[in-house]
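Structure record follows, encoded as structure tokens.
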Amino acid sequence: MHTGKPFQWVEFDLVFKGHGAEIKPIEKSFEACPRVDRHFLKSSLKYCESDHDACREPQLSTPKDMRIIDLDSMSIVLAPENCRFCALSYVWGKVVEKWLTLTRENRSSLSNKNALVGAPLPRTVKDAMQLCVELGERYLWVDSLCIVQNDPMFQKQQIDIMDTIYAAAKFTIVAAAGNHANAGLPGISIWHRSTQRQTITIQDIEVSNTIPVMKDTVETSVWNSRGWT
């Protein structure tokens, strides 16, 4: 049965008379709204920070020499001590376009105010930046822009502490829907999310498909097949 309201589910059984088929409940699921509900995200984060014991644990210290995107100044800076920041986990995929990355040659210029305005960034990164701004977050960590890509020593140092970086982040945006960096975040720059509930009417009975369970979707994603987060 379809309620027509997002973020609600209804459990029901399918029964075929005369076939003796085993009756199994269709798995619970949420309907995906076409656009990400920022108010829902904000209220969920607020609830986690006030009522979820695991989220209320003392935040880990910001790793030493970590660079971070400052969304206020639109530049890449050294992370302030013990600052609150978010992280992005996504799939690079095959690099076709020449996206901007942090290098030894440009790390100084990218620290200037508005250095990232109009920069050639993949859609997933731009969407994550936009989402953080809309959630009131100032700092975002993205590997391609926060790890010097042509400095092997610094790169190894940062990769070795990547688990600490993600653990220290207030939350991580997981781009599990795409298989490359320009896929974007569904519901941000991409207006419609692909998974929508469909309904048909059979003899005055409205029947609806279930939406894939998030856990199953993530487990079968390209993102989940990688060696690290």
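Coordinate-derived values only; no laboratory data. Since the structure is predicted, the reported quantities are computational estimates derived from the model, not experimental observations. Glycine also receives a Cβ, built like all others from the backbone with ideal geometry; neighbour counts cover every protein chain displayed.
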Revision key, fill the gap. Ordering 116-128, 36-48 by per-residue average of other C-beta atoms within 10 angstrom, highest first, gives 116-128, 36-48
Practice item. Pull out the extension gain between GLU206 and GLN130, defined as 0.36 nm times the separation in residues minus the alpha carbon to alpha carbon distance; nm, one decimal. Key: 23.6 nm
Exercise for review: Go ahead and collect, in residue order, the members of the range 119-142 whose backbone nitrogen is under 17 Å from a label point 7 Å along the Cα-Cβ direction of HIS52.
Suggested key: 132, 135-137
Practice item. Could you sort out which of LYS42/LYS170; LYS113/LYS156; LYS64/LYS170; LYS94/LYS170 sit more than 20 Å apart by Cα distance in this structure? Key: LYS113/LYS156; LYS94/LYS170
**Study point:** Sequence of THR101, THR62, THR172 once ranked by neighbouring C-beta atoms within 10 Å, starting from the fewest
**Key:** THR172, THR101, THR62
**Study point:** Among 81-93, 136-148, the order from most to least packed when residues are scored by Cβ within 10 Å on average
**Key:** 136-148, 81-93
Practice item. Kindly work out what percent of the DSSP beta bridges joining two residues of the range 38-174 are antiparallel, to the nearest 5. Key: 55 percent
